1. Out of the residues in the stretch 141-179 meeting the condition of being surrounded by 15 or more Cβ atoms within 10 Å (Cβ to Cβ) and of a type in the set (Gly, Ala, Ser), tell me which one is nearest to Gln379 (Cα to Cα).
2. Give me the residue from the stretch 241-298 that is assigned to a loop (DSSP other than H, G, I, E, B) and touching a residue at least 60 places away in the same chain (Cβ under 8 Å) and, out of that set, nearest to Thr230 (Cα to Cα).
3. Residue under question is Lys113, and the condition is that it be outside the structural domain of Ser394 (by TED's automatic domain parsing), in contact with a helix residue (DSSP H, G or I) (Cβ under 7 Å, 6 or more places away or on another chain), closer than 21 Å to Asn53 by Cα and in contact (Cβ under 8 Å) with a residue 12 or more places away in the chain; does it hold?
4. When you scan the stretch 2-13, do you find a residue that is within 35 Å of the chain's Cα centre (by Cα), of a type outside the set (D, E, K, R) and crowded, with 18+ Cβ neighbours inside 10 Å, even just one?
5. Determine whether Val304 is out of contact with any Lys or Arg (no Cβ under 7 Å at 6 or more places or on another chain), on the phi < 0 side of the Ramachandran plot and of a type in the set (A, V, I, L, M, F, W, C).
6. Can you give me the number of residues within the stretch 124-156 that are among the charged types (D, E, K, R) and part of a helix (DSSP H, G or I)?
7. Among the residues of the stretch 8-40, which ones are part of a loop (DSSP other than H, G, I, E, B) and within 17 Å of Leu108 (Cα to Cα)?
8. Identify all residues within the stretch 221-264 that are out of contact with any helix residue (DSSP H, G or I) (no Cβ under 9 Å at 6 or more places or on another chain) and within 30 Å of Pro354 (Cβ to Cβ); write none if there are none.
Amino acid sequence: MSELRKLPKGWQWVKLGEIAIINPKRPHIDRNDDEPTTFIPMSAVDISGKITNPDVQPFNKVKKGYTYFEKGDVLFAKITPCMENGKHAIAENLIDDFGFGSTEFHVLKPSQKIISEWIYFFVRQSTVLNGATNYFKGAVGQQRVPKEYLMSLKISLPLLSEQKRLATLLTEKLAGVERARAAIEAQLEAAQALSGVYLREVFESEEANNWVKKTLAEICVDISDGTHFTPTYVEKGVPFLSVKDVKETKIYFDNCRYITKEEHLQLCKRCQPEKGDVLYTKVGTTGIAKAIDIDKEFSIFVSVALLKIKSDILPEYLELVLNAPICRTQAEFLTQGMANRNLVIKDLKLIKIPLPSISKQKGIINIAKEKLTLFRQLQKTLEEQLQAINLMPSAILRQAFNGEL
């Protein structure tokens, strides 16, 4: 947390543990074992801080071994990654005003000096959540925030009337942000679909149905994949690409690994990528094609196939059609496995390509470049807008707790 700021008149700095009880003791409950009781598993709290799907269980099934809370308590997910993802909520709509839930919740019970909403908005701040990671306890993958971290947090505390005003204002502002986020996400989803829609129109049109169809085996001089053995990596040397480095828009060398020149030359005896060839992903994320449009030495791993094509097809055209739904569907069908997805070479060769004349291919490439560039520019603009919107809740909460709203 940052150094304490000067607060508006009537506000004060207090420790959260001074105005809220962290994990209060459970009272004696006189209740029949078969009485329906609210139960909130971690999965019932979404990342927006809402309890969306509470469960109802007989009292005798939840009365032991779970976390107890009451109406108005704030549930704070203490385990990673739920904590960072924002699975924190106010306990509401509980049968008989109490319930039980996951043992991975800390319970924050507000005193008479603070309202539930002020605690809730406070613990959802990025500064609180990011700071909590420095206090994790436990093994990696099972790390938890200790209650001592929450107790020691300094919170800016206005009068109750001001807390209520700000809580109402925050609810309205953050709801507005969520509406804006949903609108941009819908637009982005539509923009992301434009490329596929356009390519479907090109390659599945009535005209395209009359083009000759050939398999990848028929249009390629050779189809191979990268080395099946993990090479010796070095800090600097010849780029060594895997499936993560091949995208529809670009071959990425920024975060690739490197091998020695000597090992690269050995690998090139079997599989040598060259300008004019086409890379095609075949392990994990399968069915992504990118023509090699640069003169650069590099080698590839087994997760990427190398297509060396004949003279009756242009590399840019093959890239377009392989990335179109007509071929993506075939690649998906031919991909084996679920967790370890693999499009093996013998199956990859069966993918059928609609093949018009070279002059027609050139025309398709020229128009597609223009249209796909426009689609990607639109997508980038929307992604930037979404990124800006995603930063707004933190800024709004920061203003509120600085006394600037």
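1. Residue satisfying both the conditions and the ranking: Ala167.
2. Among them, the one singled out is Ser242.
3. In short, no.
4. The first filter runs over the stretch 2-13 and keeps only residues within 35 Å of the chain's Cα centre (by Cα), leaving 2-5.
After this cut, where a residue has to be of a type outside the set (D, E, K, R) as well, the list is 2, 4.
From the residues that got through so far, the ones that are crowded, with 18+ Cβ neighbours inside 10 Å too are none.
The answer is no, given that none of the residues of the stretch 2-13 is within 35 Å of the chain's Cα centre (by Cα), of a type outside the set (D, E, K, R) and crowded, with 18+ Cβ neighbours inside 10 Å.
5. No: the conditions fail for Val304.
6. Within the stretch 124-156, residues that are among the charged types (D, E, K, R) and part of a helix (DSSP H, G or I) number 2.
7. Result: Asn23, Pro24, Lys25, Arg26, Pro27.
8. Val221, Asp222, Leu241, Ser242, Val243, Lys244, Asp245, Val246, Lys247, Lys250
The values are calculated or read from the model by the stated rules, or taken from the named source; none is laboratory data. Predicted model, so just to flag it, every value in this text is computed and none were measured. So basically every Cβ, Gly included, is an ideal-geometry build from the backbone, and we count neighbours across all protein chains shown.
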